[in-house]
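Contents: one structure, followed by commentary.
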């Protein structure tokens, strides 16, 4: 447990800005353990950027860094992302 | 359609402070008038952005405390002494001031008025805020969904919305409140006086066959303890929705 930990809900605004739609109810599948779950429920760590971790195995699903007018998104740990249309 | 309030690009909106209401020694409710506000669902947040004279910007996410009702929204903000944003919001803002906010955002931690069974709300400290929006929305809609709020605070003086919660419970429409005061209890206190643990959840919460959904909000250690306690009691993890308030709330 880490006091700096939040959950995916806390990034709802930024995710909506990046993806253009509500993302906390989107379902992501972890590339580490294969567990699927809603983005609002994943663990969020804030430092220089945001790291989203799987609540089951701790694998880093996604990293986002905002710098000035640019945003970098790293999806390496995410096998799939299912959005509501 | 349901999604109109949450889909699409987010724009920063000008929000004018129309009312300031002290709640406890550390919290204040700020009522904003937001022209064009699209409405929200109970449990959603807004992002607040402050810009300094030199252009430096700070953003924070705050839960909406009010039920959806026209262009006005309430945020209840806890003052964190070393925070960057909250002391400004609680100490410096005056009525007539205009700040920027965007939202509503979030769709995961929201009240579902069509849930079957009992809704269990578990609040730690200022984690009551989005749960209060749910209690208010429920009352506004004259919902009779059985709803129990377990509210953990350090002392009675730290309980936010105490009078209003008493009024909501007095409607006898299926909503009730159980308090636990973890640090100091007034003389003659007949509520709980300890931290929320699995035994307390067993005594206060619905059995697993009756739980529609549990919404748990508070500091991270509180949320972890409650969520794991509920799982230990046999509740399905998918029915437990959590929202952690971290130090980034500053």
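The values are calculated or read from the model by the stated rules, or taken from the named source; none is laboratory data. Note that the structure is a prediction, hence the values are computed from the model and not measured. Note that each Cβ is placed from the backbone with ideal geometry, even for glycine, and that neighbours are counted across all protein chains shown.
Before moving on, here are some points about what is shown:
- Meets criteria (free of Cβ contacts under 8 Å to residues at least 60 places away in the same chain, crowded, with 18+ Cβ neighbours inside 10 Å and touching a helix residue (DSSP H, G or I) at 6+ places or on another chain (Cβ under 7 Å)) for residue B:118: no
- Subset of segment B:130-145 [under 13 Å from residue B:176 (Cα atoms), out of contact with any helix residue (DSSP H, G or I) (no Cβ under 8 Å at 6 or more places or on another chain) and surrounded by fewer than 19 Cβ atoms within 10 Å (Cβ to Cβ)]: B:144
- Assessment of segment B:103-121 against the conditions (part of a helix (DSSP H, G or I) and over 21 Å from residue A:42 (Cα atoms)) yields no matching residue.
- Restricting segment B:9-27 to residues that are touching a strand residue (DSSP E or B) at 6+ places or on another chain (Cβ under 9 Å) and in a loop (DSSP other than H, G, I, E, B), the residue that is nearest to residue A:12 (Cα to Cα): B:10
- Flag if residue B:53 is in the same structural domain as residue B:99 (by TED's automatic domain parsing) and part of a loop (DSSP other than H, G, I, E, B): yes
- Segment B:28-45: number of residues that are modelled with pLDDT under 95 and assigned to a strand (DSSP E or B): 1
- Within segment B:197-228, being closer than 22 Å to residue A:37 by Cβ, more than 14 Å from chain A (Cβ to nearest Cβ) and buried (at least 18 other Cβ atoms within 10 Å of the Cβ) holds for one residue alone: B:211.
- Applying the set (1) modelled with pLDDT of 95 or more; (2) in a helix (DSSP H, G or I) to residue B:209 leaves exactly one unmet item: (1).
- Those residues of segment B:80-102 which are more than 14 Å from residue B:17 (Cα to Cα) and surrounded by fewer than 18 Cβ atoms within 10 Å (Cβ to Cβ), in sequence order: B:80, B:81, B:82, B:84, B:87
- Every listed requirement among (1) over 15 Å from the mean Cα position of the chain (by Cα); (2) surrounded by 20 or more Cβ atoms within 10 Å (Cβ to Cβ); (3) free of Cβ contacts under 8 Å to residues at least 60 places away in the same chain is met by residue B:177 save one, (1).
- Being buried (at least 19 other Cβ atoms within 10 Å of the Cβ), assigned by TED's automatic domain parsing to the domain that holds residue B:28 and assigned to a strand (DSSP E or B) is not true of residue B:66.
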